[in-house]
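Okay, structure first, notes after.
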Amino acid sequence: EVLEENPLPASLHLRLVVGSRHSEKLELLAAWMREMESVEEVRYGDLWVQRLERYVQVFLFLDLIIGVVVAISALFVISNTVRLTVLARSRSIEIMRLVGATDWFIRTPFVVEGALQGGMAGTIAMLVLWGVHHYATRFVGPLIFYDGAQVAGFIALCAIVSALGSLTSLRRFLRV
């Protein structure tokens, strides 16, 4: 009220929707706003945005590498577990072969067991992750959790990897 006019320049703070938060789209928006007559300056932290996008790409690549290592490790563990199960049940497998059981009749219970165990492990992992997410939101703020399709896809992937590990082990160690 003491000053005749506001000495501070007018400013506008924008919050972009999730799909528009990329450096290319931000640069297009900034260029469009710079062309307006009433706009003197546009600042949006372009260097920080580009640096953040590079870090996100590096983390996604590392995440992919870790995922592949974990999947290979899971196949190895599942394969050895099924091999031990086959060795423990070798007497009953021998009896099944003597009475005329087909190869798939012998293999199917092992593959189904592997898929069920993998699905249960994926479900437990998602439940633990949901609990950690629910706990972390108290301290960090709102975090985005996987949607139903992503959770179901993860559980299905765990079941498929476990079934493939069972098949691999059976093919290698069960000479039927």
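Of the DSSP H helices in the chain, those with a Cα length along their own long axis of 15 Å or more and a mean Kyte-Doolittle hydropathy reaching -0.5 comprise 23-34, 46-88, 103-140, 148-173.
Checking every one of the GluC sites (Glu not before Pro) in the stretch 1-103 against DSSP loop status and a limit of 12 other Cβ atoms within 10 Å picks out GLU1, GLU4, GLU5, GLU35, GLU37, GLU40, GLU41. To the nearest Å, what is the center-to-center distance of the stretch 39-79 and the stretch 130-148, using C-alpha atoms only? If you average the Cα positions of each part, the centres end up 19 Å apart.
I'd like to know which of ALA115, GLY148, SER23 lies farthest towards the positive end of the charge dipole of the chain, counting +1 on Cβ of Lys and Arg and -1 on Cβ of Asp and Glu. Positive-end residue among those listed: ALA115. Taking all protein chains together and rolling a 1.4 Å probe, LEU157 ends up with roughly 100 Å² accessible.
Given a 1.4 Å probe and heavy atoms of the protein chains only, how would you sort VAL77, VAL111, largest accessible area at the top? Provide the component values of the computation, followed by the final result.
Numbers: VAL77 85, VAL111 25 Å².
Descending order: VAL77, VAL111.
Per-residue ellipticity at 222 nm from helix content only, as computed over the chain with -39500 (n - 2.57) for each DSSP H run of at least four residues, stands at -26000 deg cm²/dmol. Heavy-atom accessible area of TYR135 with all protein chains present, probe 1.4 Å, nearest 10 Å²? Estimated to the nearest 10 Å², TYR135 gives 130 Å². Within 10 Å, at most 13 other Cβ atoms, and a DSSP state outside H, G, I, E, B define an exposed site. Report the longest part of the chain free of exposed trypsin sites (Lys or Arg not before Pro). Here the longest run is 44-174.
Counting only heavy atoms of the protein chains, get the accessible area per residue of the chain (1.4 Å probe) and round it to a whole Å² value.
Numbers: 14240 Å² over 176 residues.
Result: 81 Å² per residue.
Taking all protein chains together, LEU75, LEU116 sort by accessible area into LEU116, LEU75, largest first [probe 1.4 Å]. Mind checking the log10 I(q)/I(0) for the chain at q = 0.11, 0.12 Å⁻¹? Debye, one equal scatterer per Cα, no solvent, two decimals. Here the Debye-derived log intensity ratios amount to -0.73, -0.80.
The values are calculated or read from the model by the stated rules, or taken from the named source; none is laboratory data. Just so it is clear, the structure is predicted and the values come from calculations on it, not from any experiment. In this analysis, Cβ positions are derived from the backbone assuming ideal geometry, glycine residues included, and neighbour counts consider all displayed protein chains. For the accessible areas, the whole protein counts, side chains as well, though only heavy atoms, and no ligand, DNA or RNA atoms are used. Shrake-Rupley method; radii C 1.70, N 1.55, O 1.52, S 1.80 Å.
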